[in-house]
Amino acid sequence: MSEGSWATPLGDLEIDQELGKKLQAEFPFVVETATRYDQDNTIELQLPFIKHYFPGVKILPLGVPPAQGSLRIGERAAEISRELGRNILVLGSTDLTHYGHNYGYAPKGVGKGAVEWVKNENDKRLVDLILRMDAEEVIRESLTNHNACCSGAVGTAIAAAKKLGARQAQKLLYATSYDVRPDNSFVGYVGVVFV
């Protein structure tokens, strides 16, 4: 979205129109509006936290595909923000492996062996690439091994973070929904900060 605001239970978050228009002039976005948009549960979960911790902040929500061209969007967002004198934080949100029959993906069957494979192999490959800040390989890995649903967001966030000067990544926490509620269908999650 390049204008307007997003409502949260804590108040509205205004869109950074200036940054949005500049990016829109360089890249072919499908611009969403308050009445014409795709459902998205990733950003909806993040916005109340953003509003709480950064009450006066402006946001620019972007949906980017898992493609190498998306990385340039992240780099340009960082560059344009600097040109505009903005202090910015970049957030890229994705779940990791969606495993089990509910998701149509169960190459290791069911049970503890499948959980261990997701944690120690499939998700680990992607998490290791995120920690190495290898944006291109994050996208390639996820498309090959189904271990992220929004790898474009993660790759783009890595590209922007590197452009803003981040040199390392720190894993905060990794877990799966199985850890909280064991089931044959479960999802992996990781929190990473780029500094």
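Details
- Matching residues, region 141-154, being over 9 Å from G92 (Cβ atoms) and assigned to a loop (DSSP other than H, G, I, E, B): H146, N147, A148, C149
- Within region 169-194, considering residues that are among the charged types (D, E, K, R) and outside any loop (DSSP other than H, G, I, E, B), the one nearest to K112 (Cα to Cα): D179
- Restricting region 65-93 to residues that are more than 18 Å from A166 (Cβ to Cβ) and in contact with a helix residue (DSSP H, G or I) (Cβ under 7 Å, 6 or more places away or on another chain), the residue that is surrounded by the most Cβ atoms within 10 Å (Cβ to Cβ) is P66.
- Residue pairs whose Cβ atoms lie under 9 Å apart, sitting 6 or more positions apart in sequence or on different chains, and linking a residue in region 160-179 that is in contact (Cβ under 8 Å) with a residue 12 or more places away in the chain and more than 27 Å from N102 (Cβ to Cβ) to a partner that is among the hydroxyl-bearing types (S, T, Y) and surrounded by 14 or more Cβ atoms within 10 Å (Cβ to Cβ), are A160/S81; L164/S81.
- Number of the exception - G109 against (1) in the same structural domain as N147 (by TED's automatic domain parsing); (2) not in a loop (DSSP other than H, G, I, E, B): (2)
- Residue within region 98-105 that is assigned to a helix (DSSP H, G or I), among the polar types (S, T, N, Q) and surrounded by fewer than 20 Cβ atoms within 10 Å (Cβ to Cβ) present: yes
- Condition check for A148: under 17 Å from F186 (Cα atoms), among the aliphatic types (A, V, I, L, M), in contact with a helix residue (DSSP H, G or I) (Cβ under 8 Å, 6 or more places away or on another chain) and surrounded by fewer than 17 Cβ atoms within 10 Å (Cβ to Cβ): no
- Criterion applied to A161, A157, A166 was being closer than 24 Å to L62 by Cα, part of a loop (DSSP other than H, G, I, E, B), modelled with pLDDT of 95 or more and not assigned by TED's automatic domain parsing to the domain that holds L71, and the one residue passing it is A166.
- Filter result for T144 (touching a residue at least 24 places away in the same chain (Cβ under 8 Å) and hydroxyl-bearing (S, T, Y)): no
- Members of region 4-36 found to be surrounded by 13 or more Cβ atoms within 10 Å (Cβ to Cβ) and of a type in the set (S, T, Y), listed by number: S5, T8
The values are calculated or read from the model by the stated rules, or taken from the named source; none is laboratory data. It should be emphasised that the depicted structure is a prediction, and the values quoted were computed from it without experimental measurement. Using ideal geometry, Cβ is built from the backbone for each residue, glycine included, and neighbour counts are taken over all protein chains shown.
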